[in-house]
Amino acid sequence: MEVKTICVVGAGNMGHQIALSAALAGYTVTCTDIDGEILRKAENFADTYLPERVAKGKLTGDQAGAARARISFTGDLAEAAGGADLVIEAVIEKLDVKRKLFAQLDKICPPHAILATNSSYIVSSKIADVTGRPEKVCNMHFFNPALVNKLVEVVKGPHTSEETAGTVMEVSRQMGKIPVLLQKEIYGFLVNRIVSAVKNEAIYLYDMGIASYEDIDTAVVHALGYPMGPFRLMDLTGIDLTYHIGMERYQETGDPRYRPSPLIVEKYLKKEWGRKTGKGFYDYK
Ligand SMILES: NC(=O)c1ccc[n+]([C@@H]2O[C@H](COP(=O)([O-])OP(=O)(O)OC[C@H]3O[C@@H](n4cnc5c(N)ncnc54)[C@H](O)[C@@H]3O)[C@@H](O)[C@H]2O)c1
């Protein structure tokens, strides 16, 4: 199946950069969000990022202009998704919100359209059954920041057709990404299962008063060669996301191991969510 038009639903931390990556790769892109302010921010980002790339000599003026002309922003879901060949959902990490959205998308989108979720952990079989096209539903998991990070995890559920997985792998390649294919679903896929193990241990060490989060980050960066430590990474990905992931998993399994630690709950309630609110573990003001 040939994909020409991509709709990105959710223009937050991930969505605005996924949308711009797709536009830069030559796709016609519509980007939508229920929050008008977030949508404006996403559009402003496109208007500043592209000229910056030209100034740095990474893009020609024509390339930037063409990418900008290919991407549009609207608060109207039907307008955004009505003509899409592929929808990439990047809304809040809450299963009930994603299920409601996929049911809506199933009604709005053309029958051939693929519906993919950028969820960090939720497998698409938890969502596909609300649609009449489960064979066209899969995970397409980008990494933060999506304009820079090249990895995409494409996850096939038992309901996902080979054709759908193949098309999403191909679109990822066209976007200049390096896709990996998971033949079977597993909660958290590959990377986040590994990252979570490190993150949870880091929070445990901090909660136990063994070291400051700055020193834990320093240790991980210098000994393991990670580009950033787990606390700085949580600031980048959003402490609200860490909170929601933990709560969703705890509510689903009833296992207290998954309940967000008091440290995360405190940061969540204070709205110290990391870079996006100007303060998390570190200060960004
Ligand atoms: N933050 C990361 O590092 C990261 C990395 C990979 C994947 N993800 C996944 O991407 C998804 C989005 O995460 P994020 O960090 O960008 O979140 P975010 O909170 O920054 O953005 C989510 C956006 O979705 C919008 N939204 C909520 N419900 C909506 C709806 N029904 N229709 C349209 N828009 C809606 C919100 O207004 C918000 O702007 C999550 O599933 C998350 O697990 C996040």
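The values are calculated or read from the model by the stated rules, or taken from the named source; none is laboratory data. These numbers come from a predicted model, not from an experiment. So basically every Cβ, Gly included, is an ideal-geometry build from the backbone, and we count neighbours across all protein chains shown.
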Original post:
Considering only the stretch 236-284, how many residues are within 10 Å of the ligand (Cβ to nearest atom), among the acidic types (D, E) and modelled with pLDDT of 95 or more?
Top reply: 1
Original post:
Only one of these conditions is not met by K56: (1) touching a strand residue (DSSP E or B) at 6+ places or on another chain (Cβ under 7 Å); (2) more than 18 Å from T167 (Cβ to Cβ); (3) away from the ligand (no atom under 16 Å from the Cβ). Which number is it?
Top reply: (1)
Subject >> Residues of the stretch 137-159 satisfying the condition of being more than 17 Å from the chain's Cα centre (by Cα) and farther than 17 Å from Y121 by Cβ >> reply: P158, H159
Subject >> Yes/no for G26 being small (G, A, S), within 27 Å of T167 (Cβ to Cβ) and not assigned by TED's automatic domain parsing to the domain that holds D235 >> reply: yes
Original post:
If V154 passes every condition in (1) under 20 Å from E93 (Cβ atoms); (2) assigned to a loop (DSSP other than H, G, I, E, B); (3) touching a helix residue (DSSP H, G or I) at 6+ places or on another chain (Cβ under 6 Å); (4) of a type outside the set (S, T, Y) but one, which one does it miss?
Top reply: (2)
Original post:
Which of the residues belonging to the stretch 251-283 are surrounded by 14 or more Cβ atoms within 10 Å (Cβ to Cβ), part of a helix (DSSP H, G or I) and not basic (K, R)?
Top reply: Y258, L263, I264, V265, Y268, T277
Original post:
Can we say L181 is surrounded by 21 or more Cβ atoms within 10 Å (Cβ to Cβ), of a type outside the set (D, E, K, R) and out of contact with any Leu (no Cβ under 7 Å at 6 or more places or on another chain)?
Top reply: no
Original post:
List the pairs whose first member sits in the stretch 185-201 and is touching a residue at least 24 places away in the same chain (Cβ under 8 Å), whose second member is among the basic types (K, R) and surrounded by 14 or more Cβ atoms within 10 Å (Cβ to Cβ), and whose Cβ atoms are under 8 Å apart, counting only residues at least 6 apart or on separate chains?
Top reply: E185/K156; Y187/R249
**OP:** Sort out which residues of the stretch 31-50 are charged (D, E, K, R) and within 14 Å of the ligand (Cβ to nearest atom), and write them in order of number.
**Re:** D33, D35, E37, R40, K41, E43
**OP:** Return the pairs, sorted by first residue and then second, in which the second residue is modelled with pLDDT under 95, the first residue lies in the stretch 151-167 and is more than 16 Å from Y187 (Cβ to Cβ), the beta carbons are less than 8 Å apart, and the residues are 6+ apart or on different chains.
**Re:** E163/M1; T167/M1
Original post:
Among the residues of the stretch 149-158, is there at least one that is farther than 19 Å from A25 by Cβ and basic (K, R)?
Top reply: yes
Original post:
Of (1) modelled with pLDDT of 95 or more; (2) crowded, with 16+ Cβ neighbours inside 10 Å; (3) not polar (S, T, N, Q), V195 satisfies all except one. Which?
Top reply: (1)
Subject >> Unmet criterion (only one of (1) in contact with a Gly (Cβ under 7 Å, 6 or more places away or on another chain); (2) under 30 Å from D96 (Cα atoms)) for D217 >> reply: (2)
